[in-house]
Amino acid sequence: MLLVAGAAGCSSDDDQPAASEVVTIAADLNNSSAVDTAYARALQLRIEQINASGQLGDRQLKLTTQDNRNDPTSSLRNISAFADDKSVAAIITGACDQCAVGAAKTINDKKVPVISLGAAEEVATPVANRRYMFKIGPNPADNAAAMVTELTKAKTKNIAVLYADDLYGRGALGALTDKLRGTGISRQAARAVKPTATDITQAIGTLADGNPSAIVVLTAPDQAQLAAIGVQQVGYKGRVYFDAAAASDLFLPPASAAATNNVRMVFTQILAIDDVIATTPAKSSRKQWFRDYTSRYGSYSGVASFAADAADLIADAVARVGTDRDGIRDILETSQVDGLSGPIRLTPDNHSGLMPQALTVLVARAGRWRLAS
């Protein structure tokens, strides 16, 4: 359910009617992660907007968060505690894919609905083992399909791939390799880097030495920016592509802005929303959300819309069935909305709802993201 544009407003416990029922949305996040910080900000803002809209009647949403420190054991402890708290209607988990996957059995056993903002495919599959787990955000296979379409349009002959050696990066490499079959584009080389690595110069140099037509980067934002700088430093002249995992802020950090110029990235339109004409109510809502978030926090993080969509989906379910967790799960499983991220379609066979149509290609120009066409 899309909220009425412009419903932004602050709501505190002091503002709530005395008879209002407080419904908690819990979030398991990594406080030291820039991505999870954006998720926390988006959740707080969106919950305030939902409360101000009155869509929940006498109910008011409340956000509570715990730091998982990017540690699956800590995350499992947080999620178990949330699940045992009867005031918690649903849980949202952040960017730690392994945290969500590691907690999947506990989530199922405790029958608590969870929306993960992680990127790995395993977060929401296999559905038989993820009955209470849902995912919002680009899927590796959809990212790869959009990437290969763009590479084909550019008449790319061969590519080299830099990927994070984690659950998402390995899955993204596999999806890209699969989508390249039959296209005539060869994968010349691939190099893995630890997700925490801050010096990836050697890996970039090795990939660039082969002089591929393009270098594809399948890492988180910080490493993607390091890759762009490294490519520039070694004098590589081909094209550079990021997949959706690299998306971060609207404006690129000054240290990497020049190096990132003309880099292309698969992502949703939200980071280039100024280039989008509001021809539908959904597009108008996205533009309004972009303005609200930017007004509150000073800039825009591309991932913020995923968290806001998660809050909207839970709020819609709470409006219909209250705090009944099984009821919330059943509604989530059949949710079909034009969200702030794009079209979302969840089904009993597919718990990862962002549709491929939500993805487009952006290009970095003068330190910010624009629509490529």
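For labels at Ile229 and Ser20 in the simple 7 Å Cα→Cβ model, what's the distance in nm?
In this crude spin-label approximation the distance works out to 4.5 nm.
Under 5 Å between amide H atoms, partner at least 5 residues away or on a different chain: which partners does Leu218 have, H built in plane at 1.01 Å?
The answer is Leu162, Tyr163, Ala164.
Given a 1.4 Å probe and heavy atoms of the protein chains only, how would you sort Asp222, Asp166, Asp312, Asp274, largest accessible area at the top?
Listed by decreasing accessible area, they come as Asp222, Asp274, Asp166, Asp312.
Once phi is turned into ³J(HN,Hα) by the Karplus curve 6.51 cos²θ - 1.76 cosθ + 1.60 with θ = phi - 60°, what whole-Hz value does each residue of the stretch 267-282 show in order, with x for glycine and proline?
6, 7, 6, 4, 6, 10, 5, 5, 8, 9, 8, 6, 8, 9, x, 5
Taking just the C-alpha trace of the stretch 281-338, give me its Rg and Dmax in Å.
13.6, 38
How far is it, in nm, from the label point at Arg170 to the one at Asn211 when both lie 7 Å from their Cα along the line to the Cβ?
If labels sit at Arg170 and Asn211, their model points lie 3.5 nm apart.
Can you tell me the relative contact order of the stretch 242-338? Whole percent, Cα pairs under 8 Å, sequence separation 6 or more. Present the calculation step by step, with values, prior to reporting the outcome.
Values: 66 pairs, mean separation 25.3, N = 97.
26 percent.
Which whole-Hz ³J(HN,Hα) couplings does the stretch 43-54 yield from phi under the Karplus relation 6.51 cos²θ - 1.76 cosθ + 1.60, θ = phi - 60°, glycine and proline marked x?
Each residue's phi maps through the Karplus curve to give 4, 4, 5, 5, 5, 4, 5, 4, 4, 5, 6, x Hz.
Pull up all non-local amide H partners of Asn158: gap of 5 or more, or a different chain, and H-to-H distance under 5 Å with H placed in the peptide plane.
Ser186, Ser213, Ala214
Kirkwood hydrodynamic radius of the chain from all distinct Cα pairs, in Å?
About 20.9 Å, per the Kirkwood formula over Cα pairs.
Report, for the chain, the % of DSSP beta bridges that are antiparallel, rounded to 5. Walk me through the intermediate numbers first.
On the way: 15 of 54 bridges.
Expressed as a percentage, antiparallel bridges in the chain total about 30.
Given points 7 Å out from each Cα along the Cα-Cβ axis, report the Lys237 to Arg370 separation in nanometres with one decimal.
Result: 2.4 nm between the two label points.
Could you give the length gained by full extension between Asn262 and Val363, i.e. 0.36 nm per residue of separation minus their alpha carbon distance, to one decimal place?
Extra length available between Asn262 and Val363 comes to 35.8 nm.
Normalising by the residue count of the chain, find the relative contact order in percent from Cα pairs under 8 Å and 6+ residues apart. Write out the running numbers ahead of the final one.
On the way: 794 pairs, mean separation 69.4, N = 373.
Reported relative contact order: 19 percent.
From the phi angles alone, apply the Karplus equation (6.51, -1.76, 1.60; θ = phi - 60°) to the stretch 109-115 and give each ³J(HN,Hα) in whole Hz, x where the residue is Gly or Pro.
Result, ordered by residue: 5, 8, 6, 10, x, 10, 10 Hz.
What is the percent carbon and sulfur in the accessible area of the chain, measuring with a 1.4 Å probe over the protein chains and ignoring ligands?
Roughly 47 percent, rounded to a whole number.
Nearest 20 debye, what's the magnitude of the dipole of the chain about its Cα centre given +1 on Lys and Arg Cβ and -1 on Asp and Glu Cβ? List each step's numbers first, then the result.
Working: 37 positive and 38 negative charges, 269 e Å.
Approximately 1300 debye in magnitude.
What figure, in Å² to the nearest 10, do you get for the accessible area of Thr279 with a 1.4 Å probe and non-protein molecules left out?
100 Å²
With a probe of 1.4 Å, find how much accessible area the chain has per residue, and write the answer as a whole number in Å². Could the numbers behind the result be given before it?
Values: 15150 Å² over 373 residues.
Normalised by residue count, the accessible surface of the chain is 41 Å².
The values are calculated or read from the model by the stated rules, or taken from the named source; none is laboratory data. All values reported here derive from a predicted model rather than from experimental measurement. Neighbour counts run over all protein chains shown; Cβ positions are idealised from the backbone, glycine included. Just so you know, the surface numbers come from the protein's heavy atoms only, side chains and all, with ligands and any DNA or RNA stripped out. Shrake-Rupley method; radii C 1.70, N 1.55, O 1.52, S 1.80 Å.
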